[in-house]
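> Can you keep this structure in mind? I'll have questions shortly.
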Amino acid sequence: MFERPSGASARRLMSALLCSALLGLVAMPMTARAGGDWNDTGISWQAYDAGLATAKEQKKPVLLVFYTDWCPHCTRYSGVFHDPKVVEKAKSFVMIRLNKDQNPEISKKYTPDGEYIPRTYFLSSGGKADFDLHAPRPEFKYFYDEADPASLLRGMDDALAKLKPGA
């Protein structure tokens, strides 16, 4: 028969169970979604150098995203890349995603208005950034809406019109 603990032993048992439960809840999301879920199965993300070479070879513009693992905005922004329209339009680009913390020298090349994250840039097939292509905002211009894919889709349309794939 089960004997119910009482007093100090009951408090220790409850504390241990509560701590275990809380540690499990806290640790699981951080390891499962560090930096976000960028839809690696739906979007063909490439490394920086390989992506620039592919863009040149295929004459496609580049969509370049800087993020970090610790950034909550990056985690939310990663969800935009699950939108079916974004996934489809991404096929017209060479998609490059770089962790800013692991690529500080590359990140510093793309800082017309700061090194905040996430930042999204559009590059020609030759690898030249077009800093005139940005989100419609007066500051943090390369920070697209992290919840609504419409903002990024407009940016992608503008980039395709200006950077003309295949040209």
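The values are calculated or read from the model by the stated rules, or taken from the named source; none is laboratory data. Keep in mind it's a predicted model, so treat the numbers as computed, not measured. Note that we place each Cβ from the backbone using ideal geometry, even for glycine, and neighbour counts take in every protein chain shown. Accessible surface is based on the protein model in full, side chains and every heavy atom, while ligands, DNA and RNA are left aside. Shrake-Rupley method; radii C 1.70, N 1.55, O 1.52, S 1.80 Å.
> If SER78 satisfies all but one of (1) under 13 Å from LEU63 (Cβ atoms); (2) in contact with a Gly (Cβ under 9 Å, 6 or more places away or on another chain); (3) not acidic (Asp, Glu), what's the number of the condition it fails?
All conditions are met except number (1).
> Confirm whether ASP158 is open to solvent by 30 Å² or more (accessible area, probe 1.4 Å) and either modelled with pLDDT of 95 or more or closer than 22 Å to CYS74 by Cα (or both).
Yes, satisfied.
> If you don't mind, there's one more thing I want to ask. Is at least one residue of the stretch 64-84 farther than 15 Å from ASP37 by Cα, touching a Pro at 6+ places or on another chain (Cβ under 6 Å) and among the hydrophobic types (A, V, I, L, M, F, W, C)?
No, there is no match, as no residue in the stretch 64-84 is farther than 15 Å from ASP37 by Cα, touching a Pro at 6+ places or on another chain (Cβ under 6 Å) and among the hydrophobic types (A, V, I, L, M, F, W, C).
> While we're on this one: Given the conditions (1) among the polar types (S, T, N, Q); (2) closer than 21 Å to ALA161 by Cβ; (3) out of contact with any Gly (no Cβ under 8 Å at 6 or more places or on another chain), which single one is not true for SER107?
(2)
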